[in-house]
Amino acid sequence: MTKQEVLGTIDEKGPLFCELSDAIWEQPETAFQEDYAAGLLCQPLEEQGFAVTRGLAGIATAFCGRYGSGKPVIGILGEFDALSGLSQKADVTQKEALHPGAPGHGCGHNLLGAGALAAAVAIKEYLSHHPGEGTVIYFGCPGEEGGSGKAFMARDGVFDELDCALTWHPGINNGIMSCEMLANCQVLYRFDGISSHAGSAPHMGRSALDAVELMNIGVQFLREHMISQARIHYAITDTGGYSPNVVQGHAEVLYLIRAPKNDQVAQLKERVDRIAQGAALMTDTKMTSDFIKACSNTVINETLERVLLEQLEALPTPNHTPEEVALAAGYNATVPGEAQLDDDRRRRMTREQVAQFQKQKDDPIYTFKDVYLPREPQSGSTDVGDVSWVCPTAQIKTATWASRTPGHSWQVVAQGKSETAHKGMLYAGKVLAATALELFAHPEILDKAWEEHRANLEGQPYVCPIPQGVVPRQLNPGKK
């Protein structure tokens, strides 16, 4: 079976994958609550002959579908969770909630899950004509947004048999995601004091809210004395009440701590812990911490990335109708400013590459292939990082949104069912499937990828940054 015939499977079944993506968009579910989306994706896997296993790592919405036999074993990673509070009507160029306060697919994971499924189904089609040449496993990975589902799965050994893992992410351009994403951890700090009348008996009270405020001030001073690549974010999730004439007896603050390496995050967390303890001492309150989740930094594999790059460059990017271009221009008009190269990218690009970007930067939809710049530093995080510690892992991005669309925004949600989104999703599926076929045909590439992987780890074993005993859950601030 030729590569062209295999990729034709994605065109043939394209309406199915688009329908799945749209259905997930229409019923957005947040971390570890994605029962509808998980069930929806399992159904076509079973219909296509995959052996489906649900409840991986004890997570109800984590699953996999396996097809084929023997090695290499290639994993395709899919996601399908939404973001809270980002409900938005589709195909409109103004912010307008579909269901106020409800979640929405502000990171495009409805597309990610369905596009990865398209790749897995196409690979399965190839393996059905070439038995014994290898195995494909589609992984349904819940809770990427704030839950680090893949880290919990990696801790349980779910990815241990893989020879490599491939995935993609929706975005504004087409290229390789050679991103050195940050490790992180998320911790909820609770303070308990004594309530009292703030006017007549303030001396009887011990303010938990004071403790939260003092902790936050302490962390502000810490920022001057940590590495520049680190980040510390926080949200006060419980202020204790609405009455200023009451000394607040309970308050909570949620912290997200990031740094380039797992051990740096652990060290920074210890310092934040001590600040929290100090705030409790200063206010005569009691502090307890609740470790929510963590994820590892990404381990880049240029060997795999260059195979993805070859396939991405060989396959044509989608064409767009004048109506699609006009709609994209409408979304771009809602974003202030103009497209710019950041200083780091500009320094790493040739003059010709910079000039080419300048020519195309105002296009409403990016149809060009982005410059491959290995190991680009990033300030974000992803639980794909944990998979990348277990086996060689690589990712691509494709243009599913207008060229100036900001991440985690209402504009992302509004474009989630568009033809532009569908075309970019199917294109991603083809690139991933074509890459898998190259790896089946040339398993020596995987030997080289593993050599690079081991060299990158420098002898360090994978140790999940989530302690044993911490279980996956949807965070519910304010609840003990």
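The values are calculated or read from the model by the stated rules, or taken from the named source; none is laboratory data. Computed from a prediction, not measured in an experiment: that's the story for all the values here. Note that we place each Cβ from the backbone using ideal geometry, even for glycine, and neighbour counts take in every protein chain shown.
In this structure, does residue 165 turn out to be on the phi < 0 side of the Ramachandran plot, touching a strand residue (DSSP E or B) at 6+ places or on another chain (Cβ under 6 Å), buried (at least 24 other Cβ atoms within 10 Å of the Cβ) and not in a strand (DSSP E or B)?
no
Which condition number in (1) under 27 Å from residue 312 (Cα atoms); (2) aliphatic (A, V, I, L, M); (3) touching a residue at least 24 places away in the same chain (Cβ under 8 Å) is the one that residue 455 fails?
(3)
Could you check region 190-239 and list, in sequence order, the residues that are part of a strand (DSSP E or B), of a type in the set (Val, Ile, Thr) and crowded, with 18+ Cβ neighbours inside 10 Å?
232, 237
So, residue 428, is that one assigned to a helix (DSSP H, G or I), farther than 23 Å from residue 298 by Cβ and assigned by TED's automatic domain parsing to the domain that holds residue 153 or not?
The answer is no for residue 428.
Kindly indicate whether any position in region 242-262 is of a type in the set (Val, Ile, Thr), in contact (Cβ under 8 Å) with a residue 24 or more places away in the chain, assigned by TED's automatic domain parsing to the domain that holds residue 187 and outside any strand (DSSP E or B).
no
State which residue is modelled with the highest pLDDT when the search covers only region 454-480 and only residues that are touching a Gly at 6+ places or on another chain (Cβ under 8 Å) and either more than 19 Å from residue 187 (Cα to Cα) or of a type in the set (A, V, I, L, M) (or both).
Among them, the one singled out is 471.
Report yes if residue 398 is in a strand (DSSP E or B), modelled with pLDDT of 95 or more and crowded, with 16+ Cβ neighbours inside 10 Å, otherwise no.
yes
Just checking, which of 339, 328, 333 is buried (at least 23 other Cβ atoms within 10 Å of the Cβ) and of a type in the set (Gly, Ala, Ser)?
Only one candidate passes the filter, namely 328.
Among (1) touching a Leu at 6+ places or on another chain (Cβ under 9 Å); (2) modelled with pLDDT of 95 or more; (3) within 25 Å of residue 402 (Cβ to Cβ), where does residue 380 come up short?
(2)
In region 1-46, which residues are within 22 Å of residue 66 (Cβ to Cβ), of a type in the set (D, E, K, R) and in contact (Cβ under 8 Å) with a residue 60 or more places away in the chain?
13, 34
Return yes when residue 57 is out of contact with any Leu (no Cβ under 9 Å at 6 or more places or on another chain), more than 30 Å from residue 402 (Cα to Cα) and surrounded by 15 or more Cβ atoms within 10 Å (Cβ to Cβ) and no when it is not.
Here the answer is yes, as residue 57 does meet what is asked.
Return the only residue of 261, 269 being within 23 Å of residue 228 (Cα to Cα) and buried (at least 20 other Cβ atoms within 10 Å of the Cβ).
269
Go through (1) in contact (Cβ under 8 Å) with a residue 12 or more places away in the chain; (2) part of a helix (DSSP H, G or I); (3) not aromatic (Phe, Trp, Tyr) one by one and return the number of the condition residue 362 breaks.
(2)
Is there a residue in region 440-461 that is closer than 23 Å to residue 170 by Cβ, among the acidic types (Asp, Glu) and in the same structural domain as residue 118 (by TED's automatic domain parsing)?
no
Could you list, in sequence order, the residues of region 22-54 that are among the small types (Gly, Ala, Ser), over 20 Å from the mean Cα position of the chain (by Cα) and closer than 25 Å to residue 293 by Cα?
The one that is among the small types (Gly, Ala, Ser), over 20 Å from the mean Cα position of the chain (by Cα) and closer than 25 Å to residue 293 by Cα: 39.
Out of 388, 381, report the one residue that is in contact with a strand residue (DSSP E or B) (Cβ under 9 Å, 6 or more places away or on another chain), assigned to a helix (DSSP H, G or I) and closer than 24 Å to residue 109 by Cα.
Being in contact with a strand residue (DSSP E or B) (Cβ under 9 Å, 6 or more places away or on another chain), assigned to a helix (DSSP H, G or I) and closer than 24 Å to residue 109 by Cα holds for just one of 388, 381, which is 388.
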